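Here the structure is laid out as C-alpha cells; the discussion comes afterwards.
The values are calculated or read from the model by the stated rules, or taken from the named source; none is laboratory data. This is a predicted model, so every value here is computed, not measured. Note that we place each Cβ from the backbone using ideal geometry, even for glycine, and neighbour counts take in every protein chain shown. The protein model used for the area step is the full one, side chains on, heavy atoms only, and it has no ligands, DNA or RNA in it. Shrake-Rupley method; radii C 1.70, N 1.55, O 1.52, S 1.80 Å.
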Amino acid sequence: MKGNNRIGKPFRFLYSMKSGIVILVLIVAACTAGSLILQEQIPAYYEMNYGGAARWIMAFGLDRVFTSWWFLVLTGLLCINLTLCSVVRFGVIWRESGRYNLEDRKQKLARSLEGADEADIVWEYRRRRRAGLWGPWLCHVGMLLLIAGFALGERFGLESYVYGVPGQEKELEGTGYVVRIDDFRIELREDETVEQYTASLTVRETDTGRQVSGMAQVNHPMDAFGMRVYQNSTGWACQVDVYQKETLEESRLLCTGEILTPESAPEVSLVFQKFYPDFAYTEQGAVSVSSRLDNPCAAFTLYYDGKAIASDVVGVGYEIIAEPYRFVFRDPQPYTLIQVLRDPFQWLAGLGGALLLISLFLCFYFRPEEWCSARTGDGREYSWYHSRGTVRIRAEEPIGGNDTIESVDGSPEDGMEKGGTR
C-alpha cells in the first residue's frame, strides 16, 4: 500500500490544479518575456541594446523563447496535466451528472428530520443545469485542442514569402508551386493615402501544370491549392545597371534592402537602403514629400571587402562611381510582397477555441443547482440547496412559530427538474 501511495502522489501531482496553475504562470511569464524582448536577432543586437544582460538573455534562451527547449518542456507538462485531468475527471463528472435523485439526497436532511414520522413527510426534489458540470472539463479539452492545432500547424503547415514586380515568377521553396505576378496596382485616395493594394496572381503546380489565377488584396486573400495567398505589403524596386568603364556588364532589378554584387567583382557590394519617390531634405532629415515620382532618389551604401566606403542619396539616372565600376539606378516601380499560408490543422485550433467559449458560458452562466425539501406533518419545512461552491441547509417553523433553526438567503429558481413523494 505504501509503495502504491508513493507512485500515486507524483501521478496526482501531475494532474492537480496546483501544478497546472504553476505551469500556466511560468508559461505566461515566458510569453511576456518573449513579447518584450525582440526575438531571433543576432548576438550583436542584444549586446548593443541590453549591455551586460545580453549574455543572460542568450544563456537562458530569451532571444528565442518560443522555440527554446524549456518552453517546449513547459508546454508538454501543461498538455500532460490537461490530459490526465480530463481523463480522471470524465468519469467523475459523468456519474455526477446522472446519478443523483431524491433518494440519494434524502440523507442531506436526515439529521434535521430525526424523530419525525416518515409517513407524514412530503418530499420534493429539483435539479437543473446539469450541463454546467461539463464547463471545466470542456475548458481543459479546448486548451488541449488549441495547443495541438497550433503545434501541428507549425510542424506541417506552410508560411512562405515572395516578392517581385509584374512579369516575374517566383518559386515557393520546398512546395512544388510557383507564383507569377501578373499585375500590381496601388489605389490612392484624394489625399494620396493608400486605399487598397491589389495583386493579380497565378499560382502553378510545377508537376502537373495546373494553375489558378486570381486577385489578392489586403484583408482579401486568394485561395489556391489549399493555400491562402495574401497581399502583405509593398515597397520600391529599381533596375540597377552595372558598368565597367563603358561596358554594361549586367542589369538587375533590385528591391529595397537587397544587395547587388557584380559577378566580376565579388569584393564590391551595393546595398539598396531606401527609395524616396519625391525626395526632400528637411530639419527632420531625408523624407519623401509625396508618393509621386517627382524627384526620385535612392539611398545606398557601397562596400569594398566588407567595409563601407560610401553612403549617400543619389538621384535616379545618376552614377555611383567605384572605379572601375559605375552603378546607375533607373526605372523605379513598386513591388509587392506576397505571403502564402497553408495550415491543414486550422480547423483543430478553431474547434478548441469554440469549446473554450462554450466552456466559459457553461462555467459562468449555467451553474448546476439542486434543491431538496421535506415538509413534516406539523408544518415544519427543511430544505437543502447546492450549487457549485455553495451548500445551504434551511429550516423554517410553520407560520406563527417563533424560532428558525437556520436561515440562509437564497432559494431555488423556477425551472428545475421536479420530483415529489410522500
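Given a 1.4 Å probe and the protein chains as shown, Lys245 ends up with an accessible area of around 140 Å². Put a plus charge on the Cβ of each Lys and Arg, a minus charge on the Cβ of each Asp and Glu, and nothing anywhere else: the dipole of the chain about its Cα centre is then about 2640 debye.
In this rough spin-label picture, where each label sits 7 Å from Cα along the Cβ direction, the Glu159-Arg95 distance is 4.6 nm. To put it simply, the accessible area of the chain at a 1.4 Å probe is 55 percent carbon and sulfur. Take the chain with all the other protein chains still there, run a 1.4 Å probe, and you get 60 Å² of accessible area per residue. Just check segment 208-340 against the gyration tensor rule for me: Cα atoms, a ≥ b ≥ c as the square roots of the eigenvalues, rounded for a/c under 1.5, and otherwise prolate or oblate depending on whether a/b exceeds b/c. It comes out oblate by the Cα gyration axes. Binning all Cα-Cα separations of segment 88-230 at 10 Å, short to long from zero, yields these whole-percent fractions: 8, 22, 15, 12, 11, 11, 8, 8, 5, 0. Treating r as the C-beta distance of Gln196 and Leu14 and R0 as 41 Å, the FRET efficiency rounds to 0.20.
With respect to the chain, whose longest principal axis is taken over its alpha-carbon atoms, helix 17-36 is tilted by about 20°. Multiplying the residue separation of Asp331 and Leu36 by 0.36 nm and removing their Cα-Cα distance gives an extension gain of 102.1 nm. Under the simplified labelling scheme, the Lys274-Asp378 pair shows an inter-label distance of 9.3 nm, with each label point 7 Å from Cα along Cα→Cβ. Extension gain, Phe66-Asp294: 0.36 nm per intervening residue step, less the Cα-Cα distance, totals 77.5 nm. For Glu205 and Asp183, the FRET efficiency from 1/(1 + (r/R0)^6), where r spans their Cβ atoms and R0 equals 25 Å, is about 0.70. Taking all protein chains as shown and a probe of 1.4 angstrom, Arg342 keeps an accessible surface of around 80 Å². Inter-label distance, Ile80 to Ala59: 2.7 nm, where each label sits 7 Å from its Cα along the C-beta direction.
Only aspartates and glutamates eight or more places from Lys274 in sequence, or on another chain, were considered; those with a Cα closer than 14 Å are Glu258, Asp312. Taking 0.36 nm per residue of separation and subtracting the current Cα-Cα distance, fully stretching the chain between Leu360 and Leu24 would add 119.2 nm. Among Asn232, Ser35, Ser19, whose Cα sits farthest toward the positive end of the charge dipole of the chain (+1 at Cβ of Lys/Arg, -1 at Cβ of Asp/Glu, about the Cα centre)? About the Cα centre, the residue reaching furthest to the positive side is Ser19.
Indicate the gyration tensor shape class of segment 193-278 (rounded, prolate or oblate), computed on the Cα atoms with a ≥ b ≥ c the square roots of the eigenvalues: a/c under 1.5 is rounded; otherwise a/b larger than b/c is prolate and the rest oblate.
Numbers: a/c = 3.27, a/b = 1.72, b/c = 1.91.
It is oblate, given that a/c is not under 1.5 and a/b is not larger than b/c.
Suppose accessible area is computed on protein heavy atoms with a 1.4 Å probe; arrange Tyr15, Tyr304, Tyr125 from highest to lowest. Kindly include the intermediate steps, with their values, before the conclusion.
On the way: Tyr15 55, Tyr304 105, Tyr125 20 Å².
Order by accessible area, largest first: Tyr304, Tyr15, Tyr125.
Prolate is the label for the chain. Its Cα gyration tensor axes, ordered a ≥ b ≥ c, give a/c of at least 1.5 and a/b above b/c.
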